[in-house]
Each structure stands twice: as C-alpha cells, then as structure tokens.
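Q: For reference, the structure I am asking about is given below.
We did not get these values from a lab; they are worked out from the coordinates using the rules stated. Keep in mind that this is a model prediction, so the values were computed, not measured. Note that we place each Cβ from the backbone using ideal geometry, even for glycine, and neighbour counts take in every protein chain shown.
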Amino acid sequence: MSARKIPAPPTNVENQDFWDACNEGKLMLPRCGDTGRFFWYPRKLSPFTLSENVETVEAAGTGEIYTYSVMRRSDPQYAIGYVRLDEGITMMTNFVDCDFDSLAVGMRVKAVFVEAEGGQKVPCFTPA
C-alpha cells in the first residue's frame, strides 16, 4: 500500500507566516494581544476584538485527540480528525505514522510535519 499524499493547503497573505513556520518545523499559533486567547485559523485580525493586535507564539505541539475518523475504503487508508492542543485551540489534522486501530479519543499526540503536494510542510499528529 502506498502512502497517501496530503493535498497542498491554500495559502494567502493572512496565513503565509504560519505556513513558512511549518516549513521550519515550527507550529506557530496566533494569539489575541488584547485578550491573551489563542485562536484558529491563522489570520491577521483577532476574531475576539477585530484588532490587528495579534502575535504568534510557538506551540508545544502536543495535545489530545478530540475526535477522528479512519477512511478505510480509501486506497491508501488514512485518518483525519480534530486535535485539542494544550494551548486550548482545536484544529483539524491528519494522523500519520501510527496504527489507525490504536487511535482513541483522549489519546495524547504530538505534531510532526509532513510534506504535502507541492512541497509545503503541514502539521500532522502521531501518538506521543
């Protein structure tokens, strides 16, 4: 069975810094400078205050599986789901380098960066 190639993410001026950091192996999260709250998806304006007072902070890259689904009818099979990061945000992701039957809600996971189509590295997760 061949490995699944992850589609290239859409990039734009709002999220280019995030994707550039991923290529360096860093998971950078946006945080509202007014409220101190992290948010997802990366953008230049805070969804809490609509302010441009947004900073990016390197995440620990760890969290737990919130929910997941294994695409068993696909060739090759793959697993996607949501991870709740230790910083509090929940992001959709792919699960890689693991036995899909061992995945479970609440399982601790860590970020790894996988090359997508076109060469962009994307954050994926594997059991910690």
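Every residue, every condition in (1) charged (D, E, K, R); (2) crowded, with 16+ Cβ neighbours inside 10 Å; (3) within 9 Å of the chain's Cα centre (by Cα), yes or no:
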| residue | (1), (2), (3) |
| --- | --- |
| ILE80 | no, no, no |
| GLU87 | yes, yes, no |
| ASN94 | no, yes, yes |
| LEU103 | no, yes, no |
| MET107 | no, yes, no |
| GLU115 | yes, no, no |
| GLY119 | no, no, no |
| PRO127 | no, no, no |
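Q: If ALA104 satisfies all but one of (1) in contact with a Phe, Trp or Tyr (Cβ under 7 Å, 6 or more places away or on another chain); (2) farther than 21 Å from TRP40 by Cβ; (3) not hydroxyl-bearing (Ser, Thr, Tyr), what's the number of the condition it fails?
A: If we test ALA104 against (1) in contact with a Phe, Trp or Tyr (Cβ under 7 Å, 6 or more places away or on another chain); (2) farther than 21 Å from TRP40 by Cβ; (3) not hydroxyl-bearing (Ser, Thr, Tyr), just (1) comes out false.
Q: Can I ask one more? Residues of segment 19-72 being among the aromatic types (Phe, Trp, Tyr), in a strand (DSSP E or B) and exposed (fewer than 13 other Cβ atoms within 10 Å of the Cβ), which ones? So that I can check it myself, show each step before the final result.
A: First, pick out the residues of segment 19-72 that are among the aromatic types (Phe, Trp, Tyr): 19, 38-41, 48, 66, 68.
In the following step, the residues that additionally are in a strand (DSSP E or B) were identified as 38, 66, 68.
None; the set is empty.
Q: Further question: What pairs come out if I take residues in segment 42-61 that are of a type in the set (Phe, Trp, Tyr) and pair them with residues that are in a loop (DSSP other than H, G, I, E, B) whose C-beta lies under 9 Å away, six or more apart or interchain?
A: Close Cβ pairs (under 9 Å, with a partner that is in a loop (DSSP other than H, G, I, E, B)) amount to PHE48/ASP34; PHE48/THR35; PHE48/ARG37; PHE48/PHE39.
Q: Which count do you get for residues in segment 73-97 that are within 16 Å of LYS5 (Cα to Cα), outside any strand (DSSP E or B) and in contact with a strand residue (DSSP E or B) (Cβ under 9 Å, 6 or more places away or on another chain)?
A: Number satisfying all stated conditions: 3.
Q: Being farther than 18 Å from PHE18 by Cα, touching a Lys or Arg at 6+ places or on another chain (Cβ under 8 Å) and not charged (D, E, K, R), is that true of even one residue in segment 43-53?
A: Checking segment 43-53: at least one residue is farther than 18 Å from PHE18 by Cα, touching a Lys or Arg at 6+ places or on another chain (Cβ under 8 Å) and not charged (D, E, K, R).
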